[in-house]
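Report on the structure given below.
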Amino acid sequence: MFSVLRTIWYVFLHAFQKRITVQYPEQKPYLAPRYRGRIVLSRDPDGGERCVACNLCAVACPVSCIALQATEDENGRRYPDFFRINFSRCIFCGYCEEACPTYAIQLTPDFEMGEFHRKNLVYEKEDLLIDGPGKYPGYNFWRVAGVQIGGKNKGEAAHETPHVDVRSLLP
Amino acid sequence: MTSPYPLLSILGIVIVALTIAASLIYVERRLLALWQDRYGPNRTGPFGLLQVVADAIKIFMKEDWVAPFADKPVFILAPAVIFVTVLMSFAVIPVAPGIIVADLNIGLLFFLAMSSLGVYSVVLAGWSSDNKYALLGGMRAAAQMLSYEVFMGLSLMGVVILAGSFSLPAIVEAQRKAWFVIPQFPGFVLFLIAGLAETRRIPFDLSEAESELVAGYHSEYSGMKFGMFFVGEYMGITLISGMISVLFFGGWLGPVLPGLVWFLIKTFFFISFFILLRAALPRPRFDQLMSWGWKVMLPLALVNLLLAGAAVLLWR
């Protein structure tokens, strides 16, 4: 019986406590830096697309909302011909970001993507690409990958010693 | 003491009662939010006041669907019953000196009779829905309201003994020296609990019990028929709050302010208290409810009645 009265009193005291509601459109909630929101495709520090169209994100996606087509440019560098994310399916699980070997696909702290038409939720590559490197400012996949592409020979990547012609080592 | 303008006070009381009941939807949501550290509806209009209008428009636009398996005439009659009985009870409430629809010399008995008739609404709704959850809700309501009515009447008899009258204006006048809540505090507590059970509010909402019975007796109702149960419940809260302030807190009596304002302040205080109870208390089990009613409240009401009678005999 006493506990009932005490409960009523404690609930009444809540009238004088601060309300925890965030008045959303006027007052934005704090979103953590690692908040998983709108997906973007980032670029290298030198401005090239990071995505190498390896399809790992599309494979990792549990709802199959990523579609892309790989192609190569004249230097032999792979990039996606088209890259499409259907955000009406996306569950923002972040598996694509984890799967990405080049830090190209990243989730950002932004959730304000409401649309009146479902079609508008399908984002093409132009909508996804951002100008900067996103969460990894200094990273350039092609500068650390040991692959030979046009404009970068073997041994020219970062942390690599110059290529040695083994024939020149003959006694 | 009859009203100088009977039609005016009838219209006034009906309109004010309905308006208060409708706006209670907003008040309840805001107050619950306050006690749960939220804001509640605050977007539609200033302070969200137009929420009531929006809700009313929405519920009027809803499809008024009658389940094909329902017992149609009874199904349609049931929501009207609760509306009529509660509104009839408002007839005997003295809002201010002279403002009363019908000053019956047995006003209190009339109120008790009308609130007893209200149970028909719930039982008929549960029965005619032809749905096991609705029927369970209706049966629970019947058992609950019958058992809580017994000591609801008994808890008020102390007041009647002290005032020497069943007429509500006379009861208010008898409280000039001291509000009846002081000599009749047990009666007040008993009536508060019984009133809660009568209006089927949250600690005693076993007939509705969302977590067990879908929505209880009004599971099958939609549109304005559901709205009538809803508004009927809120009118019931207003009625019980008004009765508490009339019977135990001196109705319109109070210094400085006019009687009507005092009555409204007191009534609103108890409405808020009912909402606070909803915010604070869980729903008891059904057997707990019944045994609490019969084994605790009824003996207490009888003892209270005996003591009040003895006291009046000794000191008067």
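Every number in this text was worked out from the coordinates using simple rules, so none of it is lab data. Here the structure is a predicted model, which means the values were calculated and not measured. A quick note on method: Cβ atoms are made from the backbone with ideal geometry, for glycine too, and the neighbour counts reach across all protein chains shown.
The length gained by stretching the chain between A:ALA70 and A:TYR24 to full extension, at 0.36 nm per residue less their Cα-Cα distance, is 12.5 nm. Structure note, pairs A:LYS119/B:LYS58; A:LYS18/A:LYS135; B:LYS72/B:LYS132: Cα-Cα distances above 28 angstrom occur for A:LYS119/B:LYS58; A:LYS18/A:LYS135.
What number, in percent, do you get for the relative contact order of region A:113-171 if the mean sequence gap of Cα pairs under 8 Å and at least 6 apart is divided by its residue count? Before the final figure, lay out the partial values.
On the way: 24 pairs, mean separation 9.5, N = 59.
Computed value for region A:113-171: 16 percent relative contact order.
Of the residues B:ASP37, B:ASP64, B:ASP103, the one that moves most in a GNM of chain B with alpha-carbon contacts below 10 Å is B:ASP37.
For the residues of A:6-16, the average number of beta carbons from a partner chain within 10 Å of their own beta carbon is 4. Entry note, chain A: relative contact order of 25 percent, from Cα contacts under 8 Å with a spacing of 6+ residues.
Cross-link partners for A:LYS28 among the aspartates and glutamates, with Cα-Cα distance under 12 Å and sequence neighbours closer than 8 places in the same chain left out: A:ASP110, A:GLU112.
Multiplying each eigenvalue of the alpha-carbon gyration tensor of region A:1-79 by 5 and taking the square root yields semi-axes of 54, 17, 9 Å, largest first, rounded to whole angstroms. For region B:268-316, the orientation-averaged shadow of the C-alpha convex hull comes to 5.3 nm² (one quarter of the hull surface). Using all pairs of distinct alpha-carbon atoms, the Kirkwood hydrodynamic radius of chain A works out to 19.7 angstrom. Debye-formula intensities of chain B, expressed as log10 I(q)/I(0) at q = 0.08, 0.11, 0.15 Å⁻¹, are -0.36, -0.70, -1.28 (one equal scatterer per alpha-carbon, no solvent). Think of each Lys and Arg Cβ as +1 and each Asp and Glu Cβ as -1; about the Cα centre, that makes the dipole of chain A roughly 860 debye. For chain A, the longest principal axis of the Cα atoms and the long axis of helix A:2-13 meet at an angle of about 60 degrees.
Which helices, counted as full DSSP H runs in chain B, have an axial Cα extent of no less than 24 Å and a Kyte-Doolittle average of 0.5 or above? In chain B, the long hydrophobic H runs are B:6-35, B:72-90, B:107-128, B:132-163, B:223-247, B:259-280, B:298-315.
Both radii come from the Cα set of the protein assembly as shown: Rg as radius of gyration, Rh as Kirkwood radius; their ratio Rg/Rh reads 1.25. GNM on chain A, alpha-carbon springs under 10 angstrom: the most fluctuating residue among A:HIS159, A:HIS117, A:HIS14 is A:HIS14. Of A:TYR95, A:TYR123, A:TYR24, which has the largest mean-square fluctuation in a 10 Å C-alpha GNM of chain A? Of A:TYR95, A:TYR123, A:TYR24, the most mobile in the Gaussian network model is A:TYR24.
Across chain B, the mean sequence separation of Cα contacts (distance under 8 Å, 6 or more residues apart), normalised by length, yields a relative contact order of 24 percent. Partner lysines whose Cα lies under 21 Å from the Cα of B:LYS177, excluding those fewer than 8 positions away in the same chain, are identified as B:LYS266.
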